[in-house]
Amino acid sequence: MGSIDGEIPAVWFLISSIGFVILTFIQYRNTGKSFNTIFLSLMAIIFFVSYIILLIPR
C-alpha cells in the first residue's frame, strides 16, 4: 500500500488523459464539434503534457 505524502503519482495523469480522450470521442460522436468536445480535448492534452513533464528527470 502506498503512503500518502502529498505527491501525485505520474500514472494518474496518464490515466486521466486516456479517460478524457475516451470522453472526447463519445462526446464528438454524440454531438459533433461543440464547446464541450473542445474542452474535453484540451483537458486531455493538458493532462498528457503534465504526465510528460513529470517523467522528465530533473
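What pairs come up if the first residue lies in the stretch 11-26 and is within 11 Å of SER41 (Cβ to Cβ), the second is at pLDDT 95 or above and outside any helix (DSSP H, G or I), and their beta carbons are under 9 Å apart, counting only those six or more places apart or on different chains?
none
Cβ-Cβ below 7 Å, separation at least six or inter-chain, first residue in the stretch 29-56 and part of a helix (DSSP H, G or I), second open to solvent by 100 Å² or more (accessible area, probe 1.4 Å): which pairs?
Filtered contacts from the stretch 29-56: THR37/TYR28.
The values are calculated or read from the model by the stated rules, or taken from the named source; none is laboratory data. Worth saying up front: this structure is predicted, and the values here are computed from it rather than measured. Note: ideal-geometry Cβ built from the backbone for every residue, glycine included; neighbour counts use all protein chains shown. The protein model used for the area step is the full one, side chains on, heavy atoms only, and it has no ligands, DNA or RNA in it. Shrake-Rupley method; radii C 1.70, N 1.55, O 1.52, S 1.80 Å.
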